[in-house]
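Only the coordinates and a few stated rules stand behind these numbers; no lab work does. On a predicted model such as this, the values are computed, not experimentally measured, just so you know. Using ideal geometry, Cβ is built from the backbone for each residue, glycine included, and neighbour counts are taken over all protein chains shown.
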Amino acid sequence: MNRTFWNKPHIRRWAIFALLPLLAATLPLLLEASYRAYLNLGTHFNKGEGLFICAIFYFIALRVRSRGFNIITAALFFYFIFSQLAHLGIYHSWLSPTEILLFFEEFSEVYRTGITMLPSLLLPLLIALLSLLPIVLLRHATMPKSDSRRLIAFFSLILIAPVIQSALAKSKSEDAPHLRYSALRSAIQTSSIFLGKTVPDQLSGQSNVDKYVKEAPSIQTGAEQSRVIILIMGESQNIDNMSAFGYKLDTTPYLREHSNEGVLKKTDHNHLSWKLADQSIQ
């Protein structure tokens, strides 16, 4: 009876549809576990949840015929894995919704800093590209594809549902996800909260993200009106990346630029000089 059951074509076909994505999903999890071990962060995280989420993306590549929908899901899959592993490699934590917001608000600063961190991005990039390989292979597998709009709508709803949930649940935390979650799961959580809560709150003026907007200090004339200007530098999340204290990575390009040029220079009749000296941030 069991032999007759498995000999049915549609049963074997659906067994392959289920098993192939699950088997392929082990590759990203093995790569992530290896990367965590390389960073000395341990290999204990929710692998079952990560396996299921990866399998959904791979099942889309195997079953859905739409080229456009496959490109969108593959791009999201690559972004989710690369962005989180890149952040993990530099700061040993997952990316948070607030940090995504700051990325757009301070893009030039992040870009100049990121240029100096390119070597740290090579491994996350390689892992993300290798994780895309099953999508390419499953996409070209000689398996029947579906043109059903209902199937595309179903998977679209799966991708949008976390955003809707974050928008409705106003108590969602904007902190970085815990390291017990996989890279893919944490990326979906972070992106969903960013789109469903952080961005709407920012547009409506209800954001909890502090804005440190201060007027530039005015230049006073005369020695009796001189002011002491104190530069308070914030530390990066990982002190190993703080170039201002002698480390190799250039994570403070703005300060370095102005330390070379001089932010404020003034000399009065008492030969008092104001300048931002190179030695102050070396």
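Some notes on this structure:
- Cα gyration tensor, the stretch 101-156 - rounded (a/c under 1.5), prolate or oblate: oblate
- Close amide H contacts of Val64 (hydrogens built in the peptide plane, cut-off under 5 Å, sequence separation of 5 or more or a different chain): Ser146.
- The stretch 2-204 - percent relative contact order, Cα under 8 Å, separation 6 or more: 31 percent
- Proximal lysine pairs, the stretch 2-204, alpha carbons under 25 Å, eight or more residues apart or interchain: 4
- For Arg139, Arg112, order by how many other beta-carbon atoms lie within 10 Å, fewest first: Arg112, Arg139
- Among residues other than Ile135 with Cβ under 13 Å from its Cβ, the summed charge is +3 (Lys and Arg +1, Asp and Glu -1).
- Computed lengthening from Leu121 to Phe17, 0.36 nm per intervening residue step minus Cα-Cα distance: 34.1 nm
- Residue list for the stretch 39-55, given a label point 7 angstrom along the Cα-to-Cβ vector of Thr26 and an amide N cut-off under 15 Å: 47-48, 51-52, 55
- Once the C-beta distance of Phe52 and Asp175 is scaled by a Förster radius of 22 Å, the resulting FRET efficiency is 0.35 to the nearest 0.05.
- Taking 7 Å steps out from each Cα toward its Cβ at Ser34 and Phe78 produces label points 2.0 nm apart.
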